[in-house]
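Some notes on the structure that comes next.
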Amino acid sequence: MGEILVIGSSNTDLIATMENFPVKGETIEGLAFQQAMGGKGANQAMAAHKSGGKVSFVTCLGNDVNGRSAIEYYKRDGLDVTLSLLIDDVPSGTAMIWVDSKGDNSIVIIPGANGKLNSDYIIKLEEHIAKASVVVLQMEIPLQTIETICSLAHKNNTMVMLNVAPANRLNDNLLKTIDILVVNKNEAETLTGVKVEAGKEEVVVDLLLDKGVKTVLLTLGEKGSILKNQGKIYIVPAYRVKAIDTTAAGDTFCGAFIAEYMRKQDYVKALKFATAASAICVTRMGAQPSIPTQTEVYEFQKKEEL
């Protein structure tokens, strides 16, 4: 199996659950509080790791209680973080997450040290980028850093999977370096300026392919996902489950997808595996605590065949 190099954010998640979100100026009583590890980079790295992938994770944390605890947590779980940074004078990233009784969430992110993962450090990692089979990226680190990573990966013929989350506009030159672009409906609309209409999702996918992206993976929540490249299209429906918390569902999907794809080199098998992983994820609370293991996903698939 090829090595998966995930470069991205790491946050400490402060999670409050409540019956309904408060309106402006309202004070409500919550149902529960939980602190857990999160951040899109860390979530995807952990999802790929728990899915059986050979994963290295590069992130930037503050040299504070949260940062040091995060590094120890990743090490205990067997995730390779030897290339990650601990820096002084900047706090580790934090996310404040509200979850209502329907499983919907609202999230406020304070980037902190994530914003200090810069191009100067990435350039020092060129050898590691060159050796990796795939580099996995998200949008919670500086755009210039992402551009540097993609340039180095392209130069060394290393596959790049970019999840454009949070939604962001990207120039066409950057998109041409992307092998697998993962977007949800909102992110696809931000990139193209075109609304994703029911039954016409392929129109937006084609627009992204026309920009030079080699493969586009459009996730549609409870409607499943669509992957298209080189004229081939693969559509996989979602599992029907009762959602408790949708936090990290997309990250779990991404990490599980790339781990299974590296293992099987089969888009349909990877999509089905990722769909099962994200279905399990939404039935649990928290970001990383909700990520299932490879064994759990395979057992779920046996019981719930698509």
Subject >> Members of the range 174-215 found to be modelled with pLDDT under 95, among the acidic types (D, E) and assigned to a loop (DSSP other than H, G, I, E, B), listed by number >> reply: E197
**OP:** Scan the range 212-261 for residues that are of a type in the set (D, E, K, R), in contact with a strand residue (DSSP E or B) (Cβ under 9 Å, 6 or more places away or on another chain) and surrounded by fewer than 20 Cβ atoms within 10 Å (Cβ to Cβ) and report the count.
**Re:** 1
Original post:
In the range 191-230, which residues are of a type in the set (K, R) and within 21 Å of the chain's Cα centre (by Cα)?
Top reply: K214, K223, K228
Original post:
Out of all the residues in the range 39-58, is one or more crowded, with 23+ Cβ neighbours inside 10 Å, more than 16 Å from the chain's Cα centre (by Cα) and either farther than 30 Å from P22 by Cα or in contact (Cβ under 8 Å) with a residue 12 or more places away in the chain (or both)?
Top reply: no
Original post:
List the pairs whose first member sits in the range 109-135 and is in contact (Cβ under 8 Å) with a residue 12 or more places away in the chain and buried (at least 18 other Cβ atoms within 10 Å of the Cβ), whose second member is part of a strand (DSSP E or B) and among the hydroxyl-bearing types (S, T, Y), and whose Cβ atoms are under 7 Å apart, counting only residues at least 6 apart or on separate chains?
Top reply: G112/T94
**OP:** Determine whether the range 177-184 contains at least one residue that is free of Cβ contacts under 8 Å to residues at least 40 places away in the same chain, surrounded by 22 or more Cβ atoms within 10 Å (Cβ to Cβ) and over 24 Å from K131 (Cα atoms).
**Re:** yes
Original post:
Which residues, taken from the range 10-27, are more than 18 Å from G78 (Cα to Cα), touching a residue at least 40 places away in the same chain (Cβ under 8 Å) and in a loop (DSSP other than H, G, I, E, B)?
Top reply: M18, E19, N20, F21
Original post:
Since G30 meets every condition but one in (1) among the small types (G, A, S); (2) under 22 Å from A165 (Cβ atoms); (3) assigned to a loop (DSSP other than H, G, I, E, B), which condition does it not meet?
Top reply: (2)
Subject >> Qualifying positions in the range 85-122 - within 24 Å of I258 (Cβ to Cβ), β-branched (V, I, T) and in contact with a helix residue (DSSP H, G or I) (Cβ under 8 Å, 6 or more places away or on another chain) >> reply: I122
Original post:
For the range 59-97, what are the residues that are surrounded by fewer than 19 Cβ atoms within 10 Å (Cβ to Cβ) and charged (D, E, K, R)?
Top reply: R68, E72, K75, R76, D77, D80, D88, D89
Subject >> Pair list, Cβ < 7 Å and 6+ apart or interchain, from the range 262-278 residues that are in contact (Cβ under 8 Å) with a residue 60 or more places away in the chain and surrounded by 15 or more Cβ atoms within 10 Å (Cβ to Cβ) to residues that are assigned to a helix (DSSP H, G or I) and among the charged types (D, E, K, R) >> reply: F273/E260
**OP:** Please verify whether the range 52-59 includes one or more residues that are in a strand (DSSP E or B) and aliphatic (A, V, I, L, M).
**Re:** yes
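The values are calculated or read from the model by the stated rules, or taken from the named source; none is laboratory data. Not measured: the values here are computed from a predicted model. Heads up, the Cβs are rebuilt from the backbone with ideal geometry, glycines too, and the neighbour counts pull from every protein chain shown.
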